[in-house]
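I have placed the structure first, in the form of structure tokens, so that the comments after it can refer back to it.
The values are calculated or read from the model by the stated rules, or taken from the named source; none is laboratory data. Predicted model only: the values in this text are computed from it and were never measured. Cβ: placed from backbone, ideal geometry, glycine included. Neighbour counts: every protein chain shown. Remember, those area values only see protein heavy atoms, side chains included, never the ligands or the DNA or RNA. Shrake-Rupley method; radii C 1.70, N 1.55, O 1.52, S 1.80 Å.
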Amino acid sequence: MEQYIIKGGIPLVGEVDIAGAKNAALAILAAAIMTDETIVIDNLPDVRDINVLLEAISGIGAIVTRVNRSTVKINGSTISDVSVDYEYIKKIRASYYLLGALLGKYKHAEVPLPGGCNIGSRPIDQHLKGFKALGADVDILHGSIIAKAENLHGSHIYLDVVSVGATINIMMAAALAPGRTILENAAKEPHVVDVANFLNSMGANIKGAGTDVIRIKGVEKLHKTEYSIIPDQIEAGTFMFAAAATGGDVTVRNVIPKHLEATTAKLQEIGCEVEEFDDAVRVRASRRLRRTNVKTLPYPGYPTDMQPQITVALSIAKGTSIVTESIFENRFKYADELCRMGASIKVKGNSAIIDGVEKLTGARVSAPDLRAGAALVIAGLAAEGITIVDDIVYIQRGYEDFEGKLRSLGAEIEKVTCEKEIQKFRLRVG
Ligand code: UD1
């Protein structure tokens with residue numbers, strides 16, 4: 001089992017390039033099967049979730065050709081099976097995007113129900129409500145969602161909760177549903193806009209993505225395109241907080257600063273200097289961080305996927321902070337691990353009350369999920385002494401060469417697999 005070993009206490013300094021957005025890429029790859037022509041997708045992050053989804057897509061018969069690390073060609077003309085294997089859905093929930101894509105194209109999709117996830121219960125009732133409104137019969141049989149329609153048709157759909165996944169899934173199916181669809185209370189995340197732009201570049205007619213009303217005019221078919229995925233705002237934000245927590249000076253490049261506004265605002269509030277360029281952001285932390293309060297909200301609010309990272313920074317900030325999680329119910333599981341590193345955090349309901357301590361100290365901790373795992377790495381980078389992070393397989397789901405990028409900023413971090421390698425690291429860093 002791979003682990004990270006980190007010697008903390010070194011301010012991160014330098015420049016780092018951000019990869020394409022994992023969450024946009026997951027939906028765009030699924031949508032790529034919606035035409036029989038060849039799609040070329042660029043700026044793909046080389047992370048586990050993406051590679052699993054590509055396997056799922058070839059598993060149903062599409063031709064997937066990896067041109068290089070960040071470019072893939074997909075041809076969906078050879079799809080022979082509208083039923084996705086449980087093996088894939090078990091590994092990544094987002095393979096449920098194949099429901100919307102297959103239903104739109106073939107009017108039939110069978111996808112196993114995604115299992116529970118360790119950040120709380122994650123229902124998909126809004127996705128199914130949307131498919132039904134578009135004319136599909138939706139049944140759950142033997143653990144799978146079976147969506148079928150003689151004909152799909154446009155519809156007026158109001159989402160009861162703002163859901164990124166439901167917005168994208170419904171948008172995909174509606175792109176090929178004759179008539180007009182109006183999707184109200186839609187999610188406004190940058191990756192919703194990116195998926196809409198991608199579908200439009202395939203010939204779809206989608207307007208209003210990025211606002212809470214999306215209007216879709218169903219088209220008969222979609223065609224080939226070449227498309228480059230937007231930069232990953234969460235990877236970028238993670239490096240910004242790594243700079244803040246280590247008292248560093250880091251420029252994150254290949255970003256869209258507008259997508260980072262909530263993160264930037266919070267970094268400024270806690271005492272960092274943030275400078276914006278056209279496609280880069282520089283974060284400098286030259287003094288001890290200050291307290292603040294934050295509540296996670298749908299975009300453009302502060303992202304839930306950046307919640308553990310800010311908590312780590314606040315754990316060493318001056319004063320008492322409150323972090324409130326309003327999207328997922330079980331997203332503070334990492335707090336106990338942080339406390340083992342000397343943080344003082346009490347979780348009450350969906351809030352964490354954080355009394356900032358002077359410093360964290362290295363310990364052996366375990367990554368409970370993707371973003372919390374990355375946050376524990378940040379804690380290790382900021383802490384005094386050695387930290388070992390177990391279960392980094394979660395981190396690898398969403399961060400491309402995390403340790404390599406951190407090392408390029410001066411961090412002492414290595415991926416290790418055995419005690420001998422741990423000893424070697426300890427001897428080297430002294
Ligand atoms: C996506 C992101 C995830 C991010 C989340 C919120 C991907 C692959 N994942 O997840 O990283 O943390 O957005 O920004 O893009 N809900 C329902 N019924 C539904 C759907 C959702 O009640 O049918 C609820 C969820 O339980 C949650 C809230 O709505 O409380 C938001 O979830 P949603 O936006 O759907 O998250 P995901 O798309 O799963």
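Given the options I378, I345, I353, name the one that is within 15 Å of S315 (Cβ to Cβ) and surrounded by fewer than 17 Cβ atoms within 10 Å (Cβ to Cβ).
Going through I378, I345, I353 in turn, just one is within 15 Å of S315 (Cβ to Cβ) and surrounded by fewer than 17 Cβ atoms within 10 Å (Cβ to Cβ): I353.
Contact list please: Cβ distance under 6 Å, first residue in segment 257-285 and under 14 Å from Q233 (Cβ atoms) and modelled with pLDDT of 95 or more, second residue among the polar types (S, T, N, Q) and assigned to a strand (DSSP E or B), pairs at least six apart or on different chains.
What qualifies is A280/T251.
Basic (K, R), open to solvent by 20 Å² or more (accessible area, probe 1.4 Å) and closer than 17 Å to T238 by Cα - does that describe any residue in segment 303-320?
no
Can you name the residue in segment 383-397 that is closer than 18 Å to A236 by Cα and of a type outside the set (K, R) and is also least open to solvent (accessible area, probe 1.4 Å) among such residues?
Here the answer is I395.
Among the residues of segment 70-84, write down those that are modelled with pLDDT of 95 or more and outside any helix (DSSP H, G or I).
S70, T71, V72, K73, I74, N75, I79
Any idea which of T246, T238 is within 16 Å of the ligand (Cβ to nearest atom) and either surrounded by 24 or more Cβ atoms within 10 Å (Cβ to Cβ) or modelled with pLDDT under 95 (or both)?
Answer to the check: T238.
Just the residues that are away from the ligand (no atom under 16 Å from the Cβ) and either among the polar types (S, T, N, Q) or open to solvent by less than 50 Å² (accessible area, probe 1.4 Å) (or both), please, taken from segment 325-342.
If the condition is that a residue be away from the ligand (no atom under 16 Å from the Cβ) and either among the polar types (S, T, N, Q) or open to solvent by less than 50 Å² (accessible area, probe 1.4 Å) (or both), then A335, E337, L338, C339, M341, G342 are the ones that fit.
So, K359, is that one open to solvent by 10 Å² or more (accessible area, probe 1.4 Å), in contact with an Asp or Glu (Cβ under 9 Å, 6 or more places away or on another chain) and under 19 Å from A317 (Cβ atoms) or not?
In short, yes.
Can you tell me which residue within segment 56-68, out of those that are over 19 Å from the mean Cα position of the chain (by Cα) and in contact (Cβ under 8 Å) with a residue 12 or more places away in the chain, is surrounded by the most Cβ atoms within 10 Å (Cβ to Cβ)?
My answer is I57.
Only one of Y88, Y96 is over 18 Å from I170 (Cβ atoms), at pLDDT below 95 and aromatic (F, W, Y); which?
Answer to the selection: Y88.
So which of V84, V64 ends up being within 16 Å of the ligand (Cβ to nearest atom) and aliphatic (A, V, I, L, M)?
Just a single option satisfies the conditions, and that option is V84.
Within segment 398-430, how many residues turn out to be part of a loop (DSSP other than H, G, I, E, B) and either surrounded by fewer than 20 Cβ atoms within 10 Å (Cβ to Cβ) or free of Cβ contacts under 8 Å to residues at least 40 places away in the same chain (or both)?
Residues meeting the conditions: 5.
Which one is nearest to the chain's Cα centre (by Cα), of the residues in segment 154-191 that are closer than 18 Å to M34 by Cβ, surrounded by fewer than 24 Cβ atoms within 10 Å (Cβ to Cβ) and in contact (Cβ under 8 Å) with a residue 40 or more places away in the chain?
So the residue we want is G165.
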